[in-house]
Amino acid sequence: MLAGVKVVEVAAWLFAPSCGAILADWGADVIKIEPTRNGGDPYRGFFHTGAVNPTIELANRGKRSAAVDLSTPAGHDVLLQLVADADVFVTNLLPDPRGRLGVEIADVRGANPSIIYVRASGYGPRGSDAETPGFDAAVAWARVGVAQFLTPPDARQPIHPPGGIGDCVGGLGGAGAVAAALFKRERTGVPSEIDVSLLASGMWMNATVLMTEANAGPEGSLMQRVDRRTVRNPLSNSYQTKDGRWLSMVVIQPDPHWRSFCEHIGRPELADDPRFVDFHARMTNNTELVGLLDEVFASRAMAEWREALRTFSGVWDVLQTPAEVVHDPQVLANGYLIPGEDPGPPLSVVASPAQFDGRPLTAVRRAPEHGQHTEEILLASGYSWDDITALKEQGAVI
């Protein structure tokens, strides 16, 4: 979809780089500019599983890496040469380092007036926290209220997020914004300046709760953390099985499915029980029904319930473990988990969540090593071997 689009990225960690990874999934040529010192992007040293670094692959698959010291005049000139014919520039540097390294929008647009400029930040471009650094767990989990809402009042500690939820949502939003900006520029010739933040991304993840709160009026909050024992709709609830697993019933309009549900759980007599015969009755007797269903679901193991509910007309699913998800036949059938290209150790990559023209993504190019493509990129940008040697001698590239 984006073949022929060139993206230059000056970013580290996951949020902004995940935007570049999605653009690479969509066919863009993404050049990752990494510092020459300390191994480049600090995310490279964050997590490993044997021969594979899954976090680096998530954030940087499909890209090329050039190691450039932007603090040197020669290194800065290299950057300006690279952006001169680029379509998009992406950075997550804070305002002060953007200024010191000469990568503010005026600097980049000085080399290429038609470039789309993307800033990824923790807290947004305005306000007292605009220059405050932020990570996913602090901003898109804690600051936006997700952690507080999900943590039970009597918990000994708050619920912690799995890594990178807000980062990946924000990266997807950034990639979508770039696609929209490319369309606008194609139509009008006018390039866009894009801001995405972890604060905005986290609020979007939590939008149902926050919009309910924002529109609650003088009576206060309308949405509270649900106690599963007293839910208004017992068919929209989680139940534990005999072997300690959980399944989630999400029958939001239960009346059309009530009789089918009773038959599938082996309790057909409940369909006409006056206590539970319709939504109002079930809501009135919700605690009693939840207790009854707890007993029913606790009578069989998860494998038995998978089979028993296979033809049930309502929506339900299993709380799967990550190990189950990566072997899920539905995941594999749709190409949502794809391999890394050969050669290299075995690699599985989560695909970005869009497919075009009925085709899943093919095997992705593995994330580059630090500075792996520096010479290749510079040669394609008009530098000679003598120029590259001189740049190396000055410490501008490696």
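The values are calculated or read from the model by the stated rules, or taken from the named source; none is laboratory data. Treat the numbers as computed from the prediction; the structure is a model and nothing was measured. Backbone-built Cβ (ideal geometry, glycine too); neighbour counts: all protein chains shown. Just so you know, the surface numbers come from the protein's heavy atoms only, side chains and all, with ligands and any DNA or RNA stripped out. Shrake-Rupley method; radii C 1.70, N 1.55, O 1.52, S 1.80 Å.
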What number of residues in region 237-262 are in contact with a Phe, Trp or Tyr (Cβ under 9 Å, 6 or more places away or on another chain) and either part of a loop (DSSP other than H, G, I, E, B) or open to solvent by 80 Å² or more (accessible area, probe 1.4 Å) (or both)? 7
Going through region 144-164 one residue at a time, which ones are of a type in the set (G, A, S) and open to solvent by 50 Å² or more (accessible area, probe 1.4 Å)? G163
With the requirement that a residue be open to solvent by 10 Å² or more (accessible area, probe 1.4 Å), outside any helix (DSSP H, G or I), of a type in the set (A, V, I, L, M) and more than 13 Å from A11 (Cα to Cα), what does region 70-97 give you? A84
Residues in region 276-296: is at least one open to solvent by less than 30 Å² (accessible area, probe 1.4 Å), in contact with a strand residue (DSSP E or B) (Cβ under 7 Å, 6 or more places away or on another chain) and not basic (K, R)? yes
Residue check, G40 crowded, with 21+ Cβ neighbours inside 10 Å, assigned by the TED database to the domain that holds P339 and in a loop (DSSP other than H, G, I, E, B): yes
Does any residue of region 332-342 turn out to be at pLDDT 95 or above, assigned to a loop (DSSP other than H, G, I, E, B) and within 30 Å of T241 (Cβ to Cβ)? yes
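Which one of A67, A120, A111, A51 is farther than 30 Å from G189 by Cα and buried (at least 17 other Cβ atoms within 10 Å of the Cβ)?
Within the list A67, A120, A111, A51, the selection yields A67.
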List the helices (runs of 4 or more DSSP H) that sit entirely inside region 106-215 and contain at least 1 residues that are in contact (Cβ under 8 Å) with a residue 24 or more places away in the chain, closer than 22 Å to P17 by Cβ and touching a helix residue (DSSP H, G or I) at 6+ places or on another chain (Cβ under 7 Å). 165-188, 198-205
Which listed residue is over 22 Å from the mean Cα position of the chain (by Cα), assigned by the TED database to the domain that holds T362 and closer than 19 Å to P345 by Cα, from A51, A67: A51
So is S313 modelled with pLDDT of 95 or more and either part of a loop (DSSP other than H, G, I, E, B) or at positive phi (or both) or not? no
Within region 43-52, identify whether any single residue is closer than 22 Å to A181 by Cα and basic (K, R), and answer yes or no. no
Among the residues of region 207-222, is there at least one that is closer than 30 Å to A303 by Cβ, open to solvent by 50 Å² or more (accessible area, probe 1.4 Å) and β-branched (V, I, T)? no
Which numbered condition M1 misses (of (1) within 19 Å of Q355 (Cα to Cα); (2) in the same structural domain as I377 (by the TED database); (3) surrounded by fewer than 20 Cβ atoms within 10 Å (Cβ to Cβ)): (2)
Go through (1) in contact (Cβ under 8 Å) with a residue 24 or more places away in the chain; (2) of a type outside the set (G, A, S); (3) buried (at least 16 other Cβ atoms within 10 Å of the Cβ) and name the single condition R100 misses. (3)
Is one or more of the residues making up region 26-34 within 19 Å of A180 (Cα to Cα), open to solvent by less than 40 Å² (accessible area, probe 1.4 Å) and touching a Lys or Arg at 6+ places or on another chain (Cβ under 9 Å)? yes
